[in-house]
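Read through the structure below, which is laid out as structure tokens, and then see the notes.
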Amino acid sequence: MIKKIIVGVLLLMASFANAQESTSSPYSIHGLGILNFRGSIANKSMGGLSTYADPFTPNILNPALYGDLKTTAFGVGGTYKTTTFKENGQDANGKATTLDYLTVSIPADKFGFGFGLVPYRSVGFSFRGINAEGLEETNTGSGNVNRVYLGAGAKIYKGLKLGAEFQYNFGRIENVVTQFPDSQNDTRVTTQTDVGGVSYTLSAVYDLDLDEQTLIRASIIYNQSGKIRSENIQEFSAVAIAGDGAVSSTENEIVDIADRSFSLPSRLTLGGAIIKKSKWFVGGEAYLENNNDYRDRVQDRVRTNYAKAYGVRMGGFYIPKFNSLTSYFKRVTYRFGMRYERLGLVIQGEDINEFGTSFGVSLPVSQGLSSIDLGVELGTRGTTDAGLVKENFINFSVGLSLSDKWFRKRKFN
């Protein structure tokens, strides 16, 4: 039965990986898109907290915690998102799926390391309206900025752990604008942006034992403002769109446009928690983000600018009895969390904020070392003030964490 469940989860992950859209938000038209990565399903179910990891399930937000690893772990997770958009008294709906992460983490005594792939930011939007020139047009966008990473952490002295992570960010974003003038042929402009650049993360964690089972944890994480380069190219086409939606192109012209270089936002996160080992955890953290010279990938937009961002998160979990022999549900980990974030995006003088409340469970398999993680988050983004859009979203997440001791010396041949 366990093997069937694991195969089913992996097949579900494959369907996420083949999805066409990773987000559905009009705000993803700005910058490099909406921030997509908030850690594993376990992290996301606790409001995105980065202060906790157990010896079997690594925390891929905080590299210092690799020092706590006891087993090799493979992790994969995905999310299905549904969103309701509210604008000028009208409602619309959107949906998206995404593969959240693929990770491998390996312990080596007091040292541990990990590597993997995560979709860092996502673009997905579709508008139809009248432009500044009075022409009807559609504007659609899609794509991801992905991140491959290699991180390591180690126990330095007593409760002190330090970690670092190197990241390479890459991806392709496409924006298509089609105009419908009073003529036989419509006009289509396709802008393609290829993104590349490096960044890194440094972190430190200090644990103070109150007794054999209880400890207080303090954490600090610094995400460096890595340099990003966007290489842009545009294709101008005269197209004819038939009634069945088929598109035929009569003229094409490819034009190189100016490339751009700018820095990703840098972030400082401070967190604290109290932990009862194998029983419960309660924590909170706050971050401050400097947007530096972060800007749009192709051209600056009128009435849009970037400001300092900040956020607060809190959450935790509870395990009724982790080693129960009589009740499976007493061994389940029950998670909860909430977050509030000012995203640092300002449109027409309005701050774009985001709020989320999350819940989740980790269902143990294979004697408790591995788990199937389920999570749900309800939240809002944006505002209807100044003619903007408010999003109400529900995110359903599923993940798989496979954990085992891969490198053990055999006592018998």
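Remark: pairs (first residue in segment 184-203, open to solvent by less than 10 Å² (accessible area, probe 1.4 Å); second residue of a type in the set (Asp, Glu); Cβ separation under 6 Å; 6+ apart in sequence or on different chains) = Thr201/Glu165. Only residues that are closer than 30 Å to Val389 by Cα and within 14 Å of the chain's Cα centre (by Cα) were counted in segment 62-96, giving 6.
With surrounded by fewer than 22 Cβ atoms within 10 Å (Cβ to Cβ) and modelled with pLDDT of 90 or more as the only criterion, which of Ile41, Ile106, Ile2 stands out? Reasoning before the result, please.
Numbers: Ile41 fails: surrounded by fewer than 22 Cβ atoms within 10 Å (Cβ to Cβ); Ile2 fails: modelled with pLDDT of 90 or more.
Exactly one of Ile41, Ile106, Ile2 is surrounded by fewer than 22 Cβ atoms within 10 Å (Cβ to Cβ) and modelled with pLDDT of 90 or more, namely Ile106.
Selection over segment 28-38 of residues that are in a helix (DSSP H, G or I) and open to solvent by less than 10 Å² (accessible area, probe 1.4 Å) gives a count of 1. Taking the criterion of being in contact with a Ser or Thr (Cβ under 7 Å, 6 or more places away or on another chain) and closer than 17 Å to Asn43 by Cβ, the residues of segment 320-335 that qualify are Thr333, Arg335.
Please specify each residue of segment 343-379 satisfying the condition of being among the acidic types (Asp, Glu), surrounded by fewer than 19 Cβ atoms within 10 Å (Cβ to Cβ) and under 22 Å from Gly48 (Cβ atoms).
Asp351
Candidates in segment 61-83 are the residues that are open to solvent by 10 Å² or more (accessible area, probe 1.4 Å) and in a loop (DSSP other than H, G, I, E, B); of these, the one that is modelled with the highest pLDDT is Leu61.
Just one of Leu135, Leu49, Leu61, Leu102 is farther than 30 Å from Tyr340 by Cβ and touching a residue at least 24 places away in the same chain (Cβ under 8 Å); which is it? Lay out the reasoning, then the answer.
Numbers: Leu49 fails: farther than 30 Å from Tyr340 by Cβ; Leu61 fails: farther than 30 Å from Tyr340 by Cβ; Leu102 fails: farther than 30 Å from Tyr340 by Cβ.
Being farther than 30 Å from Tyr340 by Cβ and touching a residue at least 24 places away in the same chain (Cβ under 8 Å) holds for just one of Leu135, Leu49, Leu61, Leu102, which is Leu135.
Go through segment 160-191 and report how many residues are over 18 Å from Gly141 (Cβ atoms) and either of a type in the set (Lys, Arg) or at pLDDT below 90 (or both). The total comes to 8.
Output the residues belonging to segment 325-362 that are touching a Phe, Trp or Tyr at 6+ places or on another chain (Cβ under 7 Å), of a type in the set (Lys, Arg) and without any contact (Cβ under 8 Å) to a residue 40 or more places away in the chain. Residues satisfying the conditions are Arg331, Arg342.
Based on this model, can you work out whether Thr57 counts as farther than 24 Å from Asn169 by Cα, of a type outside the set (Gly, Ala, Ser), within 20 Å of the chain's Cα centre (by Cα) and open to solvent by 20 Å² or more (accessible area, probe 1.4 Å)?
Details: farther than 24 Å from Asn169 by Cα: yes; of a type outside the set (Gly, Ala, Ser): yes; within 20 Å of the chain's Cα centre (by Cα): yes; open to solvent by 20 Å² or more (accessible area, probe 1.4 Å): yes.
Judged against the criteria, Thr57 is a match.
Starting from segment 383-405, keep only residues that are over 19 Å from Leu363 (Cβ atoms), then list their pairs with residues that are assigned to a loop (DSSP other than H, G, I, E, B) and open to solvent by less than 20 Å² (accessible area, probe 1.4 Å) whose Cβ atoms are within a distance under 7 Å, requiring at least 6 positions of separation or different chains. Pairs that qualify, where the first residue is over 19 Å from Leu363 (Cβ atoms) and the partner is assigned to a loop (DSSP other than H, G, I, E, B) and open to solvent by less than 20 Å² (accessible area, probe 1.4 Å), are Glu391/Ser25; Lys405/Thr71. Could you please find all residues in segment 209-232 being open to solvent by 50 Å² or more (accessible area, probe 1.4 Å) and modelled with pLDDT under 95? Within segment 209-232, Asp209, Leu210, Asp211, Glu212, Gln213, Lys227, Arg229, Glu231 qualify. Summed over segment 114-164, the residues that are in contact with a helix residue (DSSP H, G or I) (Cβ under 9 Å, 6 or more places away or on another chain), over 20 Å from Asp194 (Cα atoms) and open to solvent by less than 20 Å² (accessible area, probe 1.4 Å) give a count of 5.
The values are calculated or read from the model by the stated rules, or taken from the named source; none is laboratory data. The shown structure was predicted, so the numbers you read here are calculated from the model rather than taken from an experiment. Positions of Cβ are generated from backbone atoms using ideal geometry, with glycine treated the same way; all protein chains shown enter the neighbour counts. The area values use the complete protein model at the heavy-atom level, side chains included, leaving out ligands, DNA and RNA. Shrake-Rupley method; radii C 1.70, N 1.55, O 1.52, S 1.80 Å.
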